[in-house]
Amino acid sequence: MSSESKDTSIQLNDVISKQAITNISVIGQFSHGKSITVKALTDQINMICNFGQPFQRISEFQHKIKFTNAKIYKCENPLCHRPGCYRQHRSNSTADNPKCENNGCGSAMKLIRHVCYIDYPTHNVLMGALFNCERFVDATMLVIASNEPCPQQQTADHLAIVEILKLKNIIIVQNKIDLVRQQSRANEHHNQIQQFVKGSVAEGAPIIPISAQLKWNIDVLCEHVVTKIPTSPISDNYNSAPHLIVVRSFNMNAPYRKAEEMKGGTVRGLLLSGILRVGDDIEIRPGIITKNHDGTFSCTPLFSKIVSLFAEDNELQYAVPGGLIGVLTKLDPSLCKSDRLAGRVLGRVGIELPDISISLEISFFLLRHLLDRPRTSESKIRKLSKGDTLMIIVGLTAIGCRVTAVKKDLAKLALLKPICTNKSEKVAMFRRIQKRWHLIGWCIIQKGEQL
């Protein structure tokens, strides 16, 4: 074994104490308790991150995706039985071996997992984020309220997307079990869930009854997160080029701060591959986008240096794929304020980044019916035609586009703004129907016209 690989294995032992390496999507019907479930699993309020909206006419596209990290511990005492031997703590917990609180056990607990929970709003436009999150999500948690019949409309819509993407490692959470007074009703609802997921990728997934409000069975849920969800082999990505999708950017300087106390612009994003280290020289594409008098665009990539790295409140010396990563740079803070860099791609200088494209050639697949409507003749999705105005979600950013050519299942899209994207990337497609954006299908990028 080379010395480089030995150093990597030593670093891996320290990663889990500072940074989440397992990403779990939390989806489900509105008001079924997704956010309160995440709060029960993490002991903190969700960290809210704006979902970028460069397409200015999309006024409804103003919701947020929430990222929250948490540590899961297991008691090392063999006499401390499951599931009480599992405990969750905040990500900023400094102790890697806290004392077990299960029935006065008092033995040392071992940190075994550091998880990032991604809470998606139920707005139908944001369901398209699941197509893009397929690349960095390790598992999916479907929350279903036990005091309502199953399935509800949005629950069926979310499971349909999970089915389309063939996502694995699914856990079904039967929330609000405290509101069900009779055991027979709880069993009936459990049978409804089993019938609902029968024949889908979620068939056979564990169904865990909990009360997130009262924190009932949260230890059982933590146990399933540990035992049913494999950890991603982050060491496999160590030699890959760093590739971070910027979700947020902001100016962290308070008004009237002295010049010598000013800090550079900050970005937060999802690291898909590679390692970022403090002191690395970085490039952000497409950088500053300007529109010329003739209607064409000019892009000026931004170059800077990493001053510090963070995962929530934990300061890092290096960052690996997993969770939301904060990057403090030496950029002018005015370039980063109000999410101006959201949707950009960050990487190390000298390492290849995705090309900047102003138009895309795609192969697409359309759904037969709109997901959020009953299957009637009015809900049928018509074919793409030249001149259609669509919205696609690239990375985690909505981009407006116009169809300029269509041939069978191939099309060419002219984008309203330049973007950075990779070949073979899967992208969600939306069409405006009756003043709302509806998911109509997805596409795979075949080629991009470079700017």
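Determine whether residue 194 is of a type in the set (S, T, N, Q), part of a helix (DSSP H, G or I), under 22 Å from the mean Cα position of the chain (by Cα) and assigned by TED's automatic domain parsing to the domain that holds residue 127. Before the answer, list the steps.
Values: of a type in the set (S, T, N, Q): yes; part of a helix (DSSP H, G or I): yes; under 22 Å from the mean Cα position of the chain (by Cα): no; assigned by TED's automatic domain parsing to the domain that holds residue 127: yes.
For residue 194, the condition - of a type in the set (S, T, N, Q), part of a helix (DSSP H, G or I), under 22 Å from the mean Cα position of the chain (by Cα) and assigned by TED's automatic domain parsing to the domain that holds residue 127 - is not met.
Go over the candidates 162, 173, 225 one by one and state the one that is part of a strand (DSSP E or B), surrounded by 17 or more Cβ atoms within 10 Å (Cβ to Cβ), assigned by TED's automatic domain parsing to the domain that holds residue 117 and not polar (S, T, N, Q). Quick ask: steps written out before the conclusion?
Working: 162 fails: part of a strand (DSSP E or B); 225 fails: part of a strand (DSSP E or B).
Of the residues listed, the single one that is part of a strand (DSSP E or B), surrounded by 17 or more Cβ atoms within 10 Å (Cβ to Cβ), assigned by TED's automatic domain parsing to the domain that holds residue 117 and not polar (S, T, N, Q) is 173.
Just a yes or no: is a residue in the stretch 359-380 small (Gly, Ala, Ser) and within 23 Å of the chain's Cα centre (by Cα)?
So the first thing to find is which residues in the stretch 359-380 are small (Gly, Ala, Ser), and the list is 359, 363, 377, 379.
With within 23 Å of the chain's Cα centre (by Cα) added as a condition, the list becomes none.
No.
Here's a check for you: in the stretch 228-271, which residue that is assigned to a helix (DSSP H, G or I), modelled with pLDDT under 90 and not aliphatic (A, V, I, L, M) is surrounded by the fewest Cβ atoms within 10 Å (Cβ to Cβ)?
Kept after step one, since they are assigned to a helix (DSSP H, G or I), are these residues of the stretch 228-271: 228, 234-237, 259-261.
Those left that are additionally modelled with pLDDT under 90: 234-237, 259-261.
Among the residues that remain, those that are also not aliphatic (A, V, I, L, M) are: 235-237, 260-261.
Details: 235: 14, 236: 10, 237: 19, 260: 5, 261: 8.
Residue satisfying both the conditions and the ranking: 260.
Give me the pairs, please: first residue somewhere in the stretch 419-436 and outside the structural domain of residue 131 (by TED's automatic domain parsing) and buried (at least 19 other Cβ atoms within 10 Å of the Cβ), second residue anywhere and outside any strand (DSSP E or B) and of a type in the set (A, V, I, L, M, F, W, C), beta-carbon distance under 6 Å, and either six or more positions apart or on two chains.
428/131
For residues that are assigned to a strand (DSSP E or B) and aliphatic (A, V, I, L, M), scanning just the stretch 272-295, find the one that is modelled with the lowest pLDDT.
To start, the set of residues in the stretch 272-295 that are assigned to a strand (DSSP E or B) comprises 272-273, 276-277, 281-291.
Subsequent filtering for residues that are aliphatic (A, V, I, L, M) retains 272, 276, 282, 284, 288-289.
On the way: 272: 87, 276: 92, 282: 96, 284: 95, 288: 92, 289: 91.
Among those residues, the one meeting the criterion is 272.
Yes or no: the stretch 374-381 includes at least one residue that is outside the structural domain of residue 155 (by TED's automatic domain parsing), modelled with pLDDT of 90 or more, of a type in the set (Val, Ile, Thr) and under 28 Å from residue 437 (Cβ atoms).
Checking the stretch 374-381: at least one residue is outside the structural domain of residue 155 (by TED's automatic domain parsing), modelled with pLDDT of 90 or more, of a type in the set (Val, Ile, Thr) and under 28 Å from residue 437 (Cβ atoms).
Looking only at residues in the stretch 391-415 that are among the hydrophobic types (A, V, I, L, M, F, W, C) and touching a Lys or Arg at 6+ places or on another chain (Cβ under 8 Å), which one is surrounded by the most Cβ atoms within 10 Å (Cβ to Cβ)? First the steps, then the outcome.
From the stretch 391-415, those among the hydrophobic types (A, V, I, L, M, F, W, C) are 391-394, 396, 398-399, 401, 403, 405-406, 410-411, 413-415; that's our starting set.
With the extra rule that they be touching a Lys or Arg at 6+ places or on another chain (Cβ under 8 Å), the set shrinks to 391, 399, 403, 405-406, 413-414.
Working: 391: 24, 399: 25, 403: 18, 405: 12, 406: 16, 413: 28, 414: 14.
Once the filter is applied, the top-ranked residue is 413.
Whether any residue in the stretch 90-107 is part of a strand (DSSP E or B), closer than 28 Å to residue 178 by Cα, modelled with pLDDT of 85 or more and of a type outside the set (Ser, Thr, Tyr) is what I want to check.
Initially, the stretch 90-107 is screened for residues part of a strand (DSSP E or B), giving 90, 99.
Those still in the list that are closer than 28 Å to residue 178 by Cα too: 90.
Within this subset, residues satisfying the condition of being modelled with pLDDT of 85 or more are 90.
The next check asks that each one be of a type outside the set (Ser, Thr, Tyr); those that pass are 90.
Checked the stretch 90-107: at least one residue is part of a strand (DSSP E or B), closer than 28 Å to residue 178 by Cα, modelled with pLDDT of 85 or more and of a type outside the set (Ser, Thr, Tyr).
The values are calculated or read from the model by the stated rules, or taken from the named source; none is laboratory data. Every value quoted in this text rests on a predicted model; they were computed, and no experiment measured them. Here Cβ is always computed from backbone atoms with ideal geometry, including for glycine, and neighbour counts include all displayed protein chains.
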